[in-house]
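Structure first, commentary second.
The values are calculated or read from the model by the stated rules, or taken from the named source; none is laboratory data. Every value quoted in this text rests on a predicted model; they were computed, and no experiment measured them. Cβ coordinates were reconstructed from backbone atoms using ideal geometry, including for glycine residues, and neighbour counts include every protein chain displayed. Areas reflect the complete protein model, heavy atoms only, side chains present, ligands, DNA and RNA absent. Shrake-Rupley method; radii C 1.70, N 1.55, O 1.52, S 1.80 Å.
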Amino acid sequence: MEQEINITLRYNLENGKVGLNEIVYKLKEFRDTLMLKILEQILTSYDDLISERLSRTDIYPSKARKGFGRHIRKGDPQKRYCRSRKILKRGLSSRPRQISTVFGKTDFRLRMAQCNGCGLIYSPLLSALKIDRYAHKEGNFENEVIEAVIDTNYRRLIDGRSIDISLGGIHNIVVGSDIDDNFKESVSIEGLSAIMADGTGVKQKKGHKGELRAVIGLTKEGRVEPLGSYVNTEWSEIEVDIKKRIKEAGPWNMPFIYDGEPGLDNFLADVAESQRCTWHASRGAYHSCWEDGLKKKDSQPVIDKIKQLVGIALPEGDYEILKDEDKEQVKSKYEKSKSEIKELIETFREKGYKHGTAYLENLAERLFTNIELWLKTGVIAPKTTSLLERLFREIGRRLKRIAWGWADETVTNLSKMIMIRQYSRDKWEHYWKEKLGIKGYFNIQIQSVILSPCKHF
Ligand SMILES: [Zn+2]
């Protein structure tokens, strides 16, 4: 159905005095008000149309009433939908219905109807708009509130407009959100170069300290892929949850990186290789040399060599601002160490040290994963300094502003939102489009903006 809205605006301008800034400033100031008025016109016309079609069943075939007039049968204990789609008009609602939108609040008088079948008095517009009977907000508003909370500037959002939402209201939006579904679909770890996990403290009810734990993947391109976020949940439980979501079975030669957090020593051992293992390299080498019958004085030089190979120091500071020659230096050290260990393996093989050879071959495969990862992405492992710390700092800072005293579920939801919004922008947008039900059923464009000649010229 096509309709037109005519807008007449009147302005006056001090000739020769007004500047561009003032014109734009004033236009910006009334932008939301204009949008509210347009919204009200569209709603009014939609309301009229629905009432007309439902009351004039003699004119409109049932096809023209499709999707209109859905309501639960009056007094039905089983809450079934009423089959009657014919109404008697009952005028405008006595009290205006207030709805908070991104443009501000609107007070709207709804057309009331009485069902011919069950006698229920209801508003057909609300059901057509897919608004809950008691809801006073539309979804874009929710979206803006959440975004503002995440950006820690919700105060500005509220102060700048006639929007009124309390901390409790934000809490309700967050707790009622279905963001959790985003952390249930299966993930492919094929595109990941590492998995990381860590925890941090959060303040909760009555000053109790809670524990926020997050698991993230790092893609081969160096992007963060949120895998899960939990509050006051044991690592063992988290592991079960993450494992369920991983598509592939079997071991993957992927480092699992953590910062010595207790309970993580064998985390995801079936799919990833704990990065801390490299620190035990020299001890394992000593053992296998002993198995091959080497005396301590014979194996010591080998152990020292391995220690030296393990300990390539990575430069401090942000990867992005490191000079190319710093990276080159690490790269050449890495390549030298790699060839040295190959030589060592060859020597062991020649001397017939079977256990030692097998051990070194195994070790060589993962000895350099942290350096390779760093060269590729700038993430330092196993000291997970840059990325994980930054991630937790960000989540923590945002939670602290708003979620003080919130319950586990709410903090979990909000931390998930923060992670997805910050690190998976496309997923975040998709989530909201789905949630808002944007399907292309409404389009609007500007037909013409014409200046009428001034009468006083
Ligand atoms: Zn009815």
Filter segment 154-174 down to residues that are modelled with pLDDT under 75 and open to solvent by 50 Å² or more (accessible area, probe 1.4 Å), then give me how many there are. 9
Quick check on Ala407: is it at pLDDT 80 or above and of a type in the set (A, V, I, L, M)? no
Quick one: Gln41 ticks every box in (1) closer than 25 Å to Phe442 by Cβ; (2) within 16 Å of the ligand (Cβ to nearest atom); (3) open to solvent by 70 Å² or more (accessible area, probe 1.4 Å); (4) free of Cβ contacts under 8 Å to residues at least 40 places away in the same chain bar one, so which box is it? (2)
The number of residues in segment 211-223 that are modelled with pLDDT of 80 or more and surrounded by fewer than 20 Cβ atoms within 10 Å (Cβ to Cβ) is 1
Every listed condition ((1) open to solvent by 90 Å² or more (accessible area, probe 1.4 Å); (2) away from the ligand (no atom under 11 Å from the Cβ); (3) without any contact (Cβ under 8 Å) to a residue 24 or more places away in the chain) holds for His136 save (3)
Collect the residues in segment 1-28 that are loosely packed, with under 10 Cβ neighbours inside 10 Å, among the charged types (D, E, K, R) and within 43 Å of the chain's Cα centre (by Cα), keeping them in residue-number order. Glu2, Glu4, Lys28
Would segment 23-38 turn up any residue that is under 24 Å from Tyr122 (Cα atoms) and among the aromatic types (Phe, Trp, Tyr)? no
For segment 349-363, what are the residues that are small (Gly, Ala, Ser) and either open to solvent by 10 Å² or more (accessible area, probe 1.4 Å) or within 42 Å of the chain's Cα centre (by Cα) (or both)? Gly352, Ala358
Specify which of the listed residues (Arg10, Arg70, Arg31) is among the basic types (Lys, Arg) and under 23 Å from Asp132 (Cβ atoms). Arg70
Asn143 - would you say it is open to solvent by less than 50 Å² (accessible area, probe 1.4 Å), in a helix (DSSP H, G or I), farther than 30 Å from Tyr81 by Cα and at pLDDT 75 or above? yes
Suppose we keep only residues that are free of Cβ contacts under 8 Å to residues at least 24 places away in the same chain and closer than 21 Å to Thr33 by Cβ within segment 98-128. Which one would you say is surrounded by the most Cβ atoms within 10 Å (Cβ to Cβ)? Arg109
Residues Gly356, Gly352: which one is touching a Ser or Thr at 6+ places or on another chain (Cβ under 7 Å), among the small types (Gly, Ala, Ser), modelled with pLDDT of 80 or more and farther than 30 Å from Gly168 by Cα? Gly356
What pairs come up if the first residue lies in segment 52-81 and is without any contact (Cβ under 8 Å) to a residue 12 or more places away in the chain, the second is away from the ligand (no atom under 14 Å from the Cβ), and their beta carbons are under 7 Å apart, counting only those six or more places apart or on different chains? Tyr60/Arg53; Ala64/Arg53
Strands (runs of 3 or more DSSP E) within segment 83-123 that include 3 or more residues more than 16 Å from the ligand (Cβ to nearest atom): 97-101, 104-108
Among the residues of segment 272-279, is there at least one that is modelled with pLDDT of 70 or more, within 27 Å of the chain's Cα centre (by Cα), surrounded by 13 or more Cβ atoms within 10 Å (Cβ to Cβ) and over 22 Å from Leu344 (Cβ atoms)? no
Within segment 65-82, which residues are open to solvent by 70 Å² or more (accessible area, probe 1.4 Å) and within 13 Å of the ligand (Cβ to nearest atom)? Arg70, Arg73, Lys74, Gly75, Lys79, Arg80, Tyr81
Contacts under 8 angstrom Cβ, first residue in segment 431-448 being exposed (fewer than 10 other Cβ atoms within 10 Å of the Cβ), partner in a loop (DSSP other than H, G, I, E, B), 6 or more apart: Gly437/Lys130; Gln447/Glu4
With the requirement that a residue be under 22 Å from Lys435 (Cβ atoms) and modelled with pLDDT of 90 or more, what does segment 103-125 give you? Leu125
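Listed here are the residues, each with its yes/no results for (1) among the small types (Gly, Ala, Ser); (2) closer than 19 Å to Thr44 by Cα.
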site	(1), (2)
His71	no, no
Asp76	no, no
Lys79	no, no
Arg85	no, no
Ser127	yes, yes
Ile131	no, yes
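Yes/no matrix, rows are residues, columns are (1) within 28 Å of Asp151 (Cα to Cα); (2) touching a strand residue (DSSP E or B) at 6+ places or on another chain (Cβ under 9 Å); (3) assigned to a loop (DSSP other than H, G, I, E, B):
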site	(1), (2), (3)
Glu429	yes, no, no
Lys435	yes, no, no
Ile438	yes, no, yes
Asn443	no, no, yes
Ile446	no, no, yes
